[in-house]
Amino acid sequence: MIQNLHVRKKEENRFSLNRRQRKLVTSIVAAIVLLGVVVVGALLDEERIATNLIARNLAPSFDHLFGTDWLGRDMFARTIMGLSLSVKVGLIGAIGSTSIALILGMAAATMGRVADRLISWLIDLFLSVPHLVTLILIAFTLGGGFKGIVIGLVLTHWPSLARVIRAEVMQIRSAEYVQISKQLGKSKGWIAVHHILPHLTPQILIGFMLMFPHVILHESAVTFIGLGLSPHEPAIGIILSESMKYLSAGMWWLAFYPGLCLLMIVQTFDRIGENLRLLLDPSKSND
Amino acid sequence: MPILEVENLSISFNQYTAGLKRKNIQVISSLHVTLEAGEILAVVGASGSGKSLLAHAILGILPDNALVSGTIKYNGELLTPSTQASLRGKEIALIPQSTNYLDPLMRVGNQVRTSVQTGDATLAQRAVFKRLHLQQTVEKMYPFQLSGGMARRALLSTAIVSDAKVIIADEPTPGLDPVVMKEALNNFREFADNGCAVMLITHDIESALMIADKIAVFYAGTTVELAPVEDFTGNGEALRHPYSKALWRALPQNDFTPIPGSQPHPSDLPTGCLFAPRCTMATSACSEEQPDMRNIRNGMVRCMHAT
Amino acid sequence: MRKMLLGKLGIFLLLKGLRMLTLLIAICFISFLLVKNSPIDPIQAYIGADMLKVGPEQREKIAEYWGLDQPVMVQFLNWGSALLAGDLGTSMIFRRPVAEIIGERFVNSLILMVTAWVLSGVIGFVMGVVSAMKKDSWIDRLIKWYCYTLASTPTFWLGLLMLIVFAVWLGWFPIGLGVPAGVLAADVTIADRIEHLILPAITLSIIGVANVALHTRQKLIDVLASDYVLFARARGERGFILFWRHGLRNVALPAITLQFAAFGELFGGAVLAEQIFSYPGLGQATVEAGLRGDVPLLLGLVIFSTFFVFAGNLIADLIYYVVDPRTRESRMI
């Protein structure tokens, strides 16, 4: 008998929601968690991380979930503030880079051959130098600090998304309904607003969400090296680079929890991005 | 006793449609086919009607999201996934339809040799190439270097060297020039005359009529008629199902009258007889229940009005 | 036929070379402009802590010595022509020729990167293959989870964890420096070098595995769903034989090319790992140059790392060009 050939597939029915609905739910929950981190981080005031010389170098406990540092600052509060800062910097970086990708991707697809060649050369240019080295160079040029790191992040994350957008726009432009609109005498602007942008929105959204984790990781890496955010900011990169001095004294919690939380934030963004892709991209409809 | 018997075979797929909904698409429903040793059975139906899946179901190589029900018997024995696995390539061989079925990075000769079950693989491969008029240089080529005719013969040679008892050929004729096609069809006749059973899955009814012994007419995922090839004659009076008759009359050398309407999509099948919406003989009873396959005049038919 | 093949290969290399040349010139020019516009004062960077003792005349002299008093374009041309002659200038912090420092550091980095590259490539490939062959099983889920987690892990944090566990808690490895402090370079044994190499190499490998594994997994899943694998299964092949005959040959090439094309990320990873483990390689030199405003060294490193990335891309292209029969043999007909 071959009735039993594919029993495995039926297991999915154990859950009342199908896989796609589950993905939607987890995405929403993840987004709420992220929003929570940002809001809590913004609400925490400086007092929470004030120097407290009585409570120095404490290992994690119920009073101080992530322990305290050599100045007696609560590591949990510092971590949450750092994450909030990471998300903010990531947001600025990703929005900026997505905008560049959108403009250059559209330009490459619509403004003729020369523009296309030029932009593809520009993309190659950015991909020729190791990403981290480019970031170091830009941060160095701008003298480090918030401005340097943000501009560096904005300027270096767009190439791959620009390629996606270029390909997408080219495909839409050659589609039949756009050709018909053209023959009906619709203007370029009308076609861009009514046909191209609506199709592009999901791609941009997915590209943006998947860019976010990269931006956050690069920010913290450059800050960790010492060329990013200033040491006065409660950034994760700063926390981890400071912790290096105290690791040999056995204060592992200074590095462990902040890094773990950064990982979780990055992964949450990545998960939302991937889920969005699965839900919005029809070519993956059976995954 | 028939060497291969397919009874009540149904295949469906689970697919996500728009947004969050999931749908079950029935591609093949209650299909019956029997195959005798020494004969050629042609399964004839329009393109895109899921005929290839019948071959894949017999071999047990359907994709994971396929749901299968029904029975398949080989030499009177029920097939299970494990017996299917042990029969594939040894007792039952598939001749696929295009070069895409050859590994793009493997030399053609080597691919044919992997099908050899006993004896010296290289010798067997060279003998078959010679028999099929393929030059010896072909064995060193990669699939993308083959012409259409060479690719067909290479695919055919994989079946020949395997010494299988049952050969299932999936659309073996399209794109071939008449000479090569005749040769390919003669090869199948040779198989059958040597005691093999051949199942020819095709949309090309003319070439099927040239060499087949029996014709199974396939419509919307099921067989509507099983008839000896002699019945395809005259005005089609000897045929049993209205669809077979219409198909026969649609041929250029006959009336050349096309059948109005189009085959229903697997996700949108009618409740009763699948052909009812396009049938001139249809009555209200036809759209109530799908008729069973029944024996009439040395053949089988799925129509309550057939005589 | 052979000659024609080589001729075509020559044209291919020439075109690639030209494109790389235009990119390289642009990168030199842009980096030079960027660095020159930095608010970090190169003279101060040169003099360092003695800044207060230096009067304006001395400053001018130093500026003249380095050519810093001339217009930027002239400076660029001077620097560019020296570059063409193979002179990358003199590092301000090490007070030695940049080319010498890069050469020396590159040997160190190369050992680290090659080790990590080979380890991550082989382990990642095997993981990807296992994952795809056992798709949807617990081991596939485990590998996928591992890869997605690793892809979100900050390299430097992983390095810190390794340091905490293996150097601080277990005491198996020294906490820093490429060689033991206070020992002359000539007296450093191979064992010393290996000891300092292990942790950074493992850190880089653990991170590097994710990319190859996920890519190989996806590629093999695509291959397993292809028509030719369906036909192979129809002929009775399955399991390891099926993978050996059809999977491996169709998956290996993309995986190897991917590894070569990832030289840029490898370099970035090395920057972080070397910083954490105080490993005296190119990455650490890059950070030093950036932090302390060593313009000639920073420029030299940007150019060198660009060459490094180019080399990887070129090898990747060449492999496809020479090894894949679809491009190789179609050119022979």
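Checking the Cα-Cα distances for A:Lys147/A:Lys245; A:Lys88/A:Lys147; A:Lys23/C:Lys135; B:Lys90/B:Lys140; A:Lys23/C:Lys144 against a 23 Å cut-off, the pairs over it are A:Lys147/A:Lys245; B:Lys90/B:Lys140. The length gained by stretching the chain between C:Ala85 and C:Leu9 to full extension, at 0.36 nm per residue less their Cα-Cα distance, is 24.5 nm. Projecting the Cα atoms of B:Cys286, B:Thr307, B:Ser262 onto the charge dipole of the stretch B:232-307 (Cβ charges, centred on the Cα centre) puts B:Thr307 farthest toward the positive pole. With kT/(6 pi eta Rh) evaluated at 37 °C and eta = 0.692 mPa s, and Rh the Kirkwood radius from Cα pairs, the protein assembly as shown diffuses with a coefficient of 100 µm²/s according to Stokes-Einstein. Between the C-alpha center of the stretch B:97-130 and that of the stretch B:198-276 there is a gap of 35 Å.
Could you calculate, for the stretch C:231-301, the ratio of the Cα radius of gyration to the Kirkwood radius, expressed as Rg to Rh?
1.40
Using the Cβ of C:Ser131 as centre and a radius below 13 Å, the other residues enclosed give a net charge of +4, where K and R count +1 and D and E count -1.
Judged by the mean number of other Cβ atoms found within 10 Å, the most tightly packed of the peptides B:104-117, B:131-144, A:220-233, C:89-102 leads the ranking A:220-233, B:104-117, C:89-102, B:131-144.
For the pair C:Ser278 and A:Ser230, a Förster radius of 30 Å applied to the C-beta separation gives a FRET efficiency near 0.80, rounded to the nearest 0.05.
What average number of partner chain Cβ atoms lie no more than 10 Å from the Cβ of the residues making up C:233-244? Walk me through the numbers on the way to the answer.
Numbers: counts 8, 19, 14, 14, 4, 3, 0, 0, 1, 0, 0, 0.
Mean number of neighbouring Cβ atoms from other chains: 5.
Site pair C:Lys134 and A:Ser120 shows an inter-label distance of 4.3 nm when each label is modelled 7 Å from Cα along Cα→Cβ. Each of C:His215, B:Met199, C:Phe240 was scored by the projection of its Cα onto the charge dipole of the protein assembly as shown, and the greatest displacement toward the positive side belongs to B:Met199; charges sit on the C-beta of Lys, Arg, Asp and Glu.
Nearest 500 deg cm²/dmol is fine: what mean residue ellipticity at 222 nm does chain A get from its DSSP H runs of n ≥ 4 alone, each adding -39,500 (n - 2.57), divided by its residue count? Present the calculation step by step, with values, prior to reporting the outcome.
Values: 11 runs with 198 residues, N = 287.
Per the formula, -23500 deg cm²/dmol.
How much net charge surrounds C:Ser152 when only other residues with a Cβ under 12 Å from its Cβ are counted (Lys, Arg +1; Asp, Glu -1)? It would help to have the intermediate numbers written out before the result.
Values: positive: A:Arg271; negative: A:Asp270, A:Glu274.
Summing Lys/Arg as +1 and Asp/Glu as -1 gives -1.
Applying the Kirkwood pairwise sum to the alpha-carbon positions of chain A produces a hydrodynamic radius of 21.7 angstrom. Across peptide B:137-147, the average count of Cβ atoms from other chains found within 10 Å of a residue's Cβ is 2.
The H on the amide N of B:Ile296, modeled in the peptide plane, is under 5 Å from the matching H of B:Val301, each at least 5 residues off or on a different chain. Diffusion of the stretch C:98-328 by Stokes-Einstein, at 10 °C in a medium of 1.306 mPa s and with Rh set to the Kirkwood radius over alpha-carbon pairs, works out to 82 µm²/s.
Between 0 and 90 degrees, the angle of helix C:2-36 with respect to the longest Cα principal axis of chain C falls at about 40 degrees. From the square roots a ≥ b ≥ c of the eigenvalues of the alpha-carbon gyration tensor of the stretch A:243-282, which class results: rounded (a/c under 1.5), prolate (a/b over b/c), or oblate? Prolate, since a/c reaches 1.5 and a/b exceeds b/c.
Rounded to the nearest 10 degrees, the inclination of helix C:72-84 to the longest alpha-carbon principal axis of chain C is 60 degrees. Considering only A:Ser86, A:Ser241, A:Ser128, the Gaussian network model of chain A with Cα springs below 10 Å gives its largest mean-square fluctuation to A:Ser128. In angstrom, the C-alpha Rg and Dmax of chain B are 20.0, 63. The loop-placed trypsin sites (Lys or Arg not before Pro) in the stretch B:198-272, going by DSSP, include none that has at most 15 neighbouring Cβ atoms within 10 Å of its Cβ.
Distances between placed amide hydrogens fall under 5 Å for B:Phe218 paired with B:Val44, B:Gly45, B:Val224, all partners being 5 or more residues away or on another chain.
So how do A:108-115, C:232-239, C:286-293, B:274-281 stack up, highest first, on mean other-Cβ count within 10 Å? Please list the in-between numbers first.
On the way: A:108-115: 14.5, C:232-239: 20.2, C:286-293: 22.4, B:274-281: 18.4.
For the peptides A:108-115, C:232-239, C:286-293, B:274-281, the packing ranking is C:286-293, C:232-239, B:274-281, A:108-115.
Spin-label model, C:Leu142/A:Gln183: points 7 Å from Cα along the beta carbon direction are separated by 6.0 nm.
Kirkwood hydrodynamic radius for the stretch B:55-173: how many Å is it when counted over pairs of different Cα atoms? Don't jump to the answer; show the numbers that get you there.
Values: mean 1/r = 0.0660 Å⁻¹.
Across the stretch B:55-173, the inverse of the average 1/r is 15.2 Å.
Neighbours of A:Arg117, meaning other residues whose beta-carbon lies under 15 angstrom from its beta-carbon, give a summed charge of +2 when Lys and Arg score +1 and Asp and Glu score -1.
Where a number appears in this text, it was derived from the coordinates with a stated rule and is not lab data. Fair warning: this is a prediction, and the values are worked out from it, not measured in the lab. Glycine also receives a Cβ, built like all others from the backbone with ideal geometry; neighbour counts cover every protein chain displayed.
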